[in-house]
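Here the structure comes first, spelled out in C-alpha cells, and everything after it is commentary.
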Amino acid sequence: MNTTSQNLLDFTGRHVFVAGGSSGINLAIADAFAQRGARVSIASRSAERVAAAVEQLRRHGGQAEGHSADVRDYEAIEAALGAARERFGPIDVLVSGAAGNFVAPALGMSSKGFRTVIEIDLVGSFNVLRAGHAHLRRPGASVINISAPQADNPTPYQAHVCAAKAGVDMLTRVLAMEWGPDGVRVNSIVPGPIGDTEGIRRLAPTEEAVAQMAASIPLGRFGTTAEVADMALVLSSPLASFVTGAVIPVDGGSSLPGGRDLSAAVKAA
Ligand code: NAP
Ligand code: COA
C-alpha cells in the first residue's frame, strides 16, 4: 500500500465500538483500529474477558473502554452504547460480531438450543445496530456485521448458525438501503476458516478435521484474525466510501463453489 492509502487507514480520534470484542476475530478487529489511533469500546458478557481485552488494547497504544453486556438484552446493549458515546463521542465504526456456536444435528438440538444461537447472532445483531444507530456519526459511519460462510452454504449440524447468519446478511442489505440516505454504510464481512479461534476449535476439533478443512481452501491455509481485521479497516476507510450492502468474503477462496475439487480433477486428467 502506498503512503496515501496508509494515511487513509489512519483512525486517530475515531470511535470504534465492537460488540463481542473480547476475543478472537472481533478482538483482532478492535486491536487493528486501536493500533491506528482509534478510541475503542468493546462489549461482551464476561467482565473478566472484557477487562483482559481492554488491557491488551491499551498496551497496543489505543484508548479503550469495556462494557459487560449480553447482546440478547436490548437494554443492556443500549446502555453500553450510550456510555461509550458519552466517553468517546459519536461512533464512527460499529462492528457487530458476537456469536455462539455448537455442532449438533437439528434433531440433536432443542428448540431452546436453536433459539439461543438465533438470539445471539441474529437478534443480537439487530439489537446492536438498532440501539447503535442513535449514536452513529451521520453522515460517515461504517457498520460491519461479522457473518459466516454458513449464511450461504448449507452446512450439516449447523442449522442454527446457517439460519442466523443468513438473516444477518439480509439485515446488512436491508439496513444499507434504509440508512444509506443518512450517509451510513452497512456491510458484512464473511471470514472463512480462521486459525487459532474458538469458532474453528468448535468446528474442527481434531488435527484430522483441521487438515481436511485447510485442504478445501484454494489458498491452502487458514486465514489469520489480522487478515479479517484488515478488511474491516479498509471497509471503514475512505477507500470504501461507495461500498454498502456488500457481503464480502475474506476466506482464501473457500466460498468458490467446487473450486478446489475442480482444480484437483483437472490436474489429474
Ligand atoms: P469467539 O472468540 O468465541 O468470539 C465471540 C465473542 O462474542 C466473544 O468475545 C464473546 O465474549 C462474545 N459473545 C458471545 N456471546 C455473546 C453475547 N450473548 N453477548 C455479547 N457478547 C457475546 O469466536 P471467533 O471464532 O473469533 O468468532 C468471532 C466472529 O467471527 C463470530 O461472529 C463468528 O460467527 C465469526 N466467524 C468466525 C470464523 C472462525 O473461523 N473463527 C469463521 C467465520 C465467521 P463473552 O463470552 O465474554 O460474551
Ligand atoms: N448440542 C446440543 N445442544 C446444545 C449444545 C450442544 N453441543 N450446547 C448447548 N446446547 C443447548 C443447551 O442444551 C441449551 O438448551 P436446553 O436448555 O434445551 O438443553 C441451549 O443450547 C442453551 O445453552 P446454554 O449453555 O444455556 O446457553 P448460553 O447462552 O449460556 O451459551 C452457547 C450459548 C451454547 C452458544 C455457548 O456455547 C456460548 O456462550 N458460546 C460463545 C462462544 C462461541 O460459541 N464461540 C464461537 C463463535 S463462532
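Since every read-out is calculated from the coordinates, none of them should be taken as a lab result. On a predicted model such as this, the values are computed, not experimentally measured, just so you know. Using ideal geometry, Cβ is built from the backbone for each residue, glycine included, and neighbour counts are taken over all protein chains shown.
Points to keep in mind about this one:
- Charge-dipole axis of the chain as Lys and Arg at +1 and Asp and Glu at -1 on Cβ define it, positive-most pick from Ala28, Ser241, Gly258: Ser241
- Residue ranges 212-220, 142-150 sort as 142-150, 212-220 when ordered by packing (mean number of other C-beta atoms within 10 Å per residue, highest first).
- A viscosity of 1.306 mPa s and a temperature of 10 °C, combined with the Kirkwood radius over Cα pairs in Stokes-Einstein, give a translational diffusion coefficient for the chain of 84 µm²/s.
- Mean Cβ count within 10 Å, highest first, over the residues of peptides 68-76, 102-110, 199-207: 68-76, 199-207, 102-110
- About the Cα centre, charge dipole magnitude for segment 140-269 (Lys/Arg +1, Asp/Glu -1 at Cβ), debye: 160 debye
- Charging the Cβ of each Asp and Glu at -1 and of each Lys and Arg at +1, and nothing else, the dipole of segment 3-268 about its Cα centre rounds to 200 debye.
- In whole percents, the pair-distance distribution calculated for segment 52-151 from its alpha-carbon pairs, binned every 10 Å from zero, is 15, 39, 32, 12, 3.
- Based on the Kirkwood approach, the hydrodynamic radius assigned to segment 110-269 is 17.0 Å, with every pair of different Cα atoms included.
- Assigned charges on the beta-carbon of Lys, Arg, Asp, Glu; segment 1-152 dipole about Cα centre (debye): 200 debye
- Mean separation of Cα contacts under 8 Å, 6 or more apart, over the residue count of the chain: relative contact order %: 18 percent
- When shorter helices are ignored and each DSSP H run of at least 4 residues is given -39500 (n - 2.57), the per-residue value for the chain at 222 nm works out to -13500 deg cm²/dmol.
- When peptides 36-46, 22-32 are sorted by average Cβ neighbour count within 10 Å, with the highest value leading, the order is 22-32, 36-46.
- Mean projected area in nm² (Cα convex hull; one quarter of hull surface) for segment 158-232: 6.2 nm²
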